[in-house]
Amino acid sequence: MMQTRATIQRALVLKTVNELHGHATADQIFERVSQEHPSISRSTVYRNLNFLASDGKILKIRVPDAADFYESKNMPHYHVRCIKCQRLFDVDLDFMTGLENQIKDKHGFDIIDHELTFSGICPDCKRQAEHSDHTVTIEADNDESLSLNGPATTKHHRGGHSKAIALEQ
Ligand SMILES: [Zn+2]
Ligand SMILES: [Zn+2]
């Protein structure tokens, strides 16, 4: 009886991961599972994720200083994580098995696996940052002490503020 229930739960977690488009943390997967199955516990989801990953049914991606990510079974590949929104993306780069062989030859190791995760700022966050830079500029323009009604040279001519000139640079 218990085994049947465990099998159903495992299948449910696997199905959820396979339905994800992309990468999700255990927390995000739990949220999703519990939307339809409120009775399933967080620890059950976590335990099954680990089991499925070690069984090779799903991929687990370890990221430095962050929670692990999971994704559906796939060819080995590399990732880039956005330092702003924390999302994980695939990188379009061939998996370097040659690298593993090189280490095997040089150091005598049998290499089992390797992971490579880049960090950066995703296009969405980049766009947002550009937008907020723009907002900062507008705020500065609205600030009376910094407001410029003409070119800096005019201000200077009027014996204007060094602050305003600095802004123009
Ligand atoms: Zn981002
Ligand atoms: Zn991936």
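Read-outs throughout are calculated quantities, based only on the coordinates presented, and are distinct from any laboratory measurement. None of the values given here were measured: they were computed from a predicted structure. Every residue, glycine as well, gets a Cβ built from its backbone with ideal geometry; the counts of neighbours run over all protein chains shown.
Structure values in brief
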quantity: Cα point-scatterer Debye curve for the stretch 1-73, base-10 log of I(q)/I(0) at q = 0.16, 0.23, 0.28 Å⁻¹; calculated: -0.49, -1.01, -1.45
quantity: Rough spin-label spacing in nm, given labels placed 7 Å along Cα→Cβ, for M96 and A6; calculated: 4.1 nm
quantity: Amide H contacts under 5 Å for Y70, placed H, 5+ residues apart; calculated: A24, T25, I61
quantity: From phi via Karplus (6.51, -1.76, 1.60), per-residue ³J(HN,Hα) for the stretch 108-123 in Hz, x at Gly/Pro; calculated: x, 7, 8, 7, 9, 6, 8, 10, 9, 10, 8, 10, x, 10, 6, x
quantity: Theoretical gain in end-to-end length, H37 to L116 [0.36 nm per residue, Cα-Cα removed]; calculated: 25.0 nm
quantity: Nonlocal amide H pairs with K84, under 5 Å, H built at 1.01 Å; calculated: C122
quantity: Y78 long-range amide H proximity, modeled H, under 5 Å; calculated: V91, L93
quantity: Share antiparallel - DSSP beta bridges, the stretch 75-121, percent rounded to 5; calculated: 50 percent
quantity: Cross-link pairs beyond the 23 Å C-alpha cut-off, checked among K57/K84; K15/K73; K73/K106; calculated: K57/K84; K73/K106
